Amino acid sequence: MKKRKTTAPLTPAVLHILLALSTKERHGYGIMKQVESDSQGKVNMGPGPLYGSIGRMIKAGLIRESDKKIDPEMDDERRVYYKITGLGQKALAAELQRYRELVAVAKQKRLSPSTFAYGI
């Protein structure tokens, strides 16, 4: 599989995983809990979508398995930790810039959720 261009838009799952890994290395369950926390409970990523995304992200070069365990004495040795790569950091930065630009356009147009009357 080809490595992803850093300018390509990210899927919501990939964005959430990169955000979770942006501050420290985490294992799968830690990523799920961080995504839930970051989204204030609005996103609950189960094992299927999580590990499917992780596999694709590794192939794309956005993340990789960590070489070390965070705390081997406190952790299950079967846990695999993941870390964001330089390419992953660039992709995350590009996506966050896209979001900033969209918010700026919405502000310029003075849009807010209350300005929309879909189906009303």
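The values are calculated or read from the model by the stated rules, or taken from the named source; none is laboratory data. This is a predicted model, so every value here is computed, not measured. Note: ideal-geometry Cβ built from the backbone for every residue, glycine included; neighbour counts use all protein chains shown.
Keeping to region 25-38, report how many residues are closer than 17 Å to Gln89 by Cβ and touching a residue at least 24 places away in the same chain (Cβ under 8 Å).
3
Looking at region 80-100, which of the residues that are of a type outside the set (Val, Ile, Thr) and in a strand (DSSP E or B) is nearest to Lys68 (Cα to Cα)?
In this case the residue turns out to be Tyr81.
Could you list, in sequence order, the residues of region 39-51 that are at pLDDT below 95 and either closer than 21 Å to Lys90 by Cβ or not in a loop (DSSP other than H, G, I, E, B) (or both)?
Those that are at pLDDT below 95 and either closer than 21 Å to Lys90 by Cβ or not in a loop (DSSP other than H, G, I, E, B) (or both): Pro47, Gly48, Pro49.
Is there a residue being surrounded by fewer than 19 Cβ atoms within 10 Å (Cβ to Cβ), small (Gly, Ala, Ser), modelled with pLDDT under 95 and more than 13 Å from Val14 (Cα to Cα) anywhere in region 60-76?
Scanning region 60-76 turns up at least one residue that is surrounded by fewer than 19 Cβ atoms within 10 Å (Cβ to Cβ), small (Gly, Ala, Ser), modelled with pLDDT under 95 and more than 13 Å from Val14 (Cα to Cα).
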